Amino acid sequence: MELFNKFTFLDGGFGTMLVAKGLKAGELPEEYNIEKPEIVQSIHKAYIDAGSDIILTNTFGANKKKMSRSKYPLSELIKNAVLNAKKATEGTNVKIALDLGPIGELIEPMGMMTFEEAVDVFKESISIGVENGVDLIYFETMSDLYELKAAIIAAKECCDKPIFSTMTFEQSMRTFMGCSIPSMAVLLEGMGVSALGINCSLGPKEMLPIVKELINYTNLPIIVKPNAGLPEMVDGKATYSITPEEFSDLMIEYAKLGINIFGGCCGTSPDYIRKTKEKISSLSPVLREKKSFTAVCSPSNTVIIDKTIPVGEKINPTGKEDLQKAIMEEDIDSIVDLGYDQMDCDAKILDVNVGLYGIDEAYIMEEAVKALQTAINLPLQIDSSDPKVIEAGIRIYNGKPIINSVNGKKENLDKILPLAKKYGACVIGLTMDENGIPEKAEGRVKIAEKIIEECKSHGIAKENIIIDCLALCKAVSSEQETLKAVNMISKMGYKTILGISNVSFGLPNRSEINHDFLKKAIEHGLSMAIINPEDDELMGIF
Ligand code: THG
């Protein structure tokens, strides 16, 4: 489905139309798919007549949690929804999107549902939709980025259909659950959705500043699906007051900014879509300026790697008896305390390594990530030599993480790179392989090139690759070669990272050695430095 450089029109407020046709408060709209198919089909047809290129199935609440009070099984509700959409689109090129809204229950720790339960709830609905022949998967009105991540994982595990996702924002520029625009954009683009955007809550006028912000953080086609203005209470009912004329005039502004997928939400009848299409179709699509940046995020905090960024190294049991003991005892609070300490010292990202002989590392990693993300909004860097532990960490992580790390060995690349692609993570490539670490910069760059090539063949974007030229103990290896390699990689346009403290392992005056090395590494173009943020003087260098 080509979405770039052309206008695509979605439908309008389906619920609004159902209410107009007699849906009562407390009735399940999804039951109309079975009980009143002619009404569902007539609404679809009205939007198709108005010019919709893609229609959304009447399945907003079609998940096993919300439909548990229905007299029909979920499979029948979804199957009939798709059938109605198919009947309406017969003889046209209009595509059918499986529409899914929030599950209606919160994920831990805000609610009782586990992340994996959320994945399974979405999987069940999506697989029914796909079996019945939908063309794409459409998640909408989301306010929890974690739930949306679960939904996208579910879609990717059920099918390879295009995924569209829109979240609903308040005028504060946040979702109700606190997700920011950059975080939505960075996570969704990382995970490989085909189009993303904003729907509901606001009218086209109030949504404009939010969409202007979104443009700064994504190269993907953007969807705008506003309500017909802000709701006004009339006789105890929410009504929407902007006319199709006003709505469509405001939508022109979006087209001029390079937005190219349009629809409506609450209160937008087919006339809103018709008028919008009439006015926008006479314009030429505007190509947005292509942006290139490396970013990771939690739901409320996006870190863009555009100057040297300090990554806190302290959640790592190597050589630290206290932390080893805490990990053995599954004392997750101590791990979180190390996170707080580093956040207070202004670390921007936290490395998380819980590797210790004789423990269930994947389990501890999962628990550590869950506890850290609840307490601290710094993006996480999941550090392990075991691909299973990496997957456990990046899957459960509520955001876009960094994988630490992959190396130049073929079997390691084959295991880690599919994970980076699936979960949309950044990945650190260590410049070492079967033959160890090359002494010379050129040898390390050669391994970096191999890793980059492999990343490309897995469809991993250049921006998501970070090369580690390997800082080694000064006593045994020349720091010049490491610095030279950093410089060569950064001139190739790739991000670089080093574990700064490695250079002083086992030496006296560690702090001084680290300071000196960090300064030189920054001069050579270093993008990220794994450091001890409790060293004030070191932090002063950034
Ligand atoms: N590259 C990448 N990842 C890495 C490294 C790297 N991860 C691990 C390591 N190297 C970076 N992290 C550390 C963490 C701790 C120390 C050094 C590097 C360290 N710790 C002190 C010790 O062992 O003596 C303990 C200090 C303390 O008590 O806080 O030196 O190169 N990609």
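The values are calculated or read from the model by the stated rules, or taken from the named source; none is laboratory data. Quick caveat: nothing in here was measured; it's all calculated off a predicted structure. Every residue, glycine among them, receives a Cβ derived from its backbone with ideal geometry; neighbour counts consider all protein chains shown. Please note that ligands, DNA and RNA were not included when accessible areas were found on the heavy atoms of the full protein model with its side chains. Shrake-Rupley method; radii C 1.70, N 1.55, O 1.52, S 1.80 Å.
Diffusion coefficient of region 400-485 by Stokes-Einstein, Kirkwood radius over Cα pairs, 25 °C, 0.890 mPa s: 189 µm²/s.
Arranged from highest to lowest average of other beta-carbon atoms within 10 Å per residue, in what order do the peptides 380-393, 49-62, 451-464, 278-291 appear?
On the way: 380-393: 22.1, 49-62: 23.8, 451-464: 16.9, 278-291: 12.3.
Sorting 380-393, 49-62, 451-464, 278-291 by mean packing, highest first, produces 49-62, 380-393, 451-464, 278-291.
Separation of region 326-345 from region 132-170 is 33 Å, based on Cα centroids. Close amide H contacts of ASN407 (hydrogens built in the peptide plane, cut-off under 5 Å, sequence separation of 5 or more or a different chain): LEU413, LEU430. Measuring between alpha carbons in the structure, the pairs from LYS65/LYS348; LYS6/LYS205; LYS307/LYS370 lying more than 30 angstrom apart are LYS65/LYS348. Sorting the segments 113-119, 402-408 by their mean number of nearby beta carbons within 10 angstrom, highest to lowest, gives 402-408, 113-119.
Beta carbons within 10 angstrom, averaged per residue: use that to sort the peptides 435-443, 210-218, 332-340, highest first.
Numbers: 435-443: 14.7, 210-218: 19.0, 332-340: 17.4.
Descending packing order for the listed peptides: 210-218, 332-340, 435-443.
Defining a contact as two alpha carbons under 8 Å apart and six or more residues distant in sequence, what relative contact order in percent does the chain show?
Numbers: 1120 pairs, mean separation 59.1, N = 542.
It rounds to 11 percent for the chain.
Couplings 3J(HN,Hα) for region 443-459, derived from phi with the Karplus relation 6.51 cos²θ - 1.76 cosθ + 1.60 (θ = phi - 60°), are x, 5, 4, 4, 5, 4, 5, 5, 4, 4, 4, 5, 4, 4, 5, 8, x Hz, where x marks Gly and Pro. Note on the chain: dipole from Cβ charges, positive end direction compared against SER292, LEU220, MET251; the farthest Cα belongs to MET251.
DSSP bridge analysis restricted to the chain gives an antiparallel fraction near 15%, rounded to the nearest 5. Surface listing: ARG174, ARG69 arranged by accessible area from highest to lowest gives ARG69, ARG174, probe 1.4 Å.
Quantify, in whole percent, the carbon and sulfur part of the accessible surface of region 399-489 (1.4 Å probe; protein heavy atoms only). Reported share for carbon and sulfur atoms: 53 percent. Karplus-derived 3J(HN,Hα) values for region 503-520, using 6.51 cos²θ - 1.76 cosθ + 1.60 with θ = phi - 60°, are 5, 10, 3, x, 9, x, 6, 4, 4, 4, 4, 4, 4, 4, 5, 4, 4, 5 Hz; glycine and proline are entered as x. Simple rule: put +1 on each Lys or Arg Cβ and -1 on each Asp or Glu Cβ in the chain, find the dipole, and look at THR482, THR308, LEU202; the Cα lying farthest toward the positive end is LEU202.
Please quote Rg/Rh for region 276-431 to two decimal places, taking the Kirkwood radius as Rh and restricting both calculations to Cα atoms. Present the calculation step by step, with values, prior to reporting the outcome.
Numbers: Rg = 18.6 Å, Rh = 16.8 Å.
My calculation of the ratio gives 1.10.
In this Cβ point-charge picture (+1 for Lys and Arg, -1 for Asp and Glu), region 297-380 has a dipole of about 380 debye about its Cα centre.
Taking Cβ atoms as reference points and 10 Å as the exclusive limit, the residues near LEU106 contribute a net charge of -4, counting Lys and Arg as +1 and Asp and Glu as -1.
Structure shown: which of LYS212/LYS277; LYS320/LYS519; LYS291/LYS400; LYS325/LYS462; LYS123/LYS225 lie over 28 Å apart, alpha-carbon to alpha-carbon? Cα-Cα > 28 Å for LYS325/LYS462; rest within. Once the 1.4 Å probe is applied to the protein heavy atoms, the chain comes out at 40 Å² accessible per residue. Taking the centroid of alpha carbons for each part, region 198-259 and region 379-412 are 38 Å apart.
Taking every Cα-Cα distance in region 250-328 and sorting them into 10 Å bins starting at zero, the pair-distance distribution P(r) comes out as 13, 23, 19, 17, 9, 12, 6 percent.
Going by the alpha-carbon gyration tensor, a ≥ b ≥ c the square roots of its eigenvalues, is region 378-443 rounded (a/c under 1.5) or, if a/c is not under 1.5, prolate (a/b greater than b/c) versus oblate? Please list the in-between numbers first.
Working: a/c = 2.57, a/b = 1.93, b/c = 1.33.
Cα axes put region 378-443 in the prolate bin.
Think of each Lys and Arg Cβ as +1 and each Asp and Glu Cβ as -1; about the Cα centre, that makes the dipole of region 124-191 roughly 200 debye. Across region 281-296, computed HN-Hα scalar couplings (Karplus, 6.51 cos²θ - 1.76 cosθ + 1.60, θ = phi - 60°) run 4, 7, 8, 9, x, 9, 7, 7, 5, 6, 10, 10, 7, 9, 8, 10 Hz from first to last residue, x flagging Gly and Pro.
Extension gain for MET112-SER42 works out to 21.3 nm (0.36 nm per residue, less the C-alpha to C-alpha distance). Across the options LEU338, TYR363, ILE416, the greatest Cα extent toward the positive end of the charge dipole of region 309-420 (unit charges at beta carbon of Lys, Arg, Asp, Glu) belongs to ILE416. Calculated mean residue ellipticity, 222 nm, the chain: -13000 deg cm²/dmol, from DSSP H runs (n ≥ 4) at -39500 (n - 2.57) each, averaged per residue and rounded to 500. Amide H contacts under 5 Å for GLY258: VAL286, restricted to partners 5 or more places along the chain or on a different chain, H placed in the peptide plane at 1.01 Å from N. Oblate is the label for region 474-542, because the ratio a/c of its alpha-carbon gyration tensor axes (a ≥ b ≥ c) is 1.5 or higher and a/b is not greater than b/c.
Net charge near GLY443, counting Lys/Arg +1 and Asp/Glu -1 over other residues with Cβ under 10 Å of its Cβ? Don't skip to the answer; put the middle values down first.
Details: positive: LYS440, ARG444, LYS446; negative: ASP433, GLU439, GLU442, GLU481.
That works out to -1.
Magnitude of the Cβ-charge dipole of the chain, K/R +1 and D/E -1, about the Cα centre, nearest 20 debye?
1940 debye
Seen from all directions on average, region 370-413 presents a Cα convex hull projection of 3.1 nm². Given in Å, the Rg to one decimal and the Dmax to the nearest whole number for the Cα atoms of the chain are 25.3, 81.
Under 5 Å between amide hydrogens, built in the peptide plane, is the criterion, and for THR308 it picks out nothing among residues at least 5 positions away or on other chains.
Applying 0.36 nm per residue to the separation of GLU534 and ASP341 and subtracting their alpha-carbon distance, the gain on full extension is 68.7 nm.
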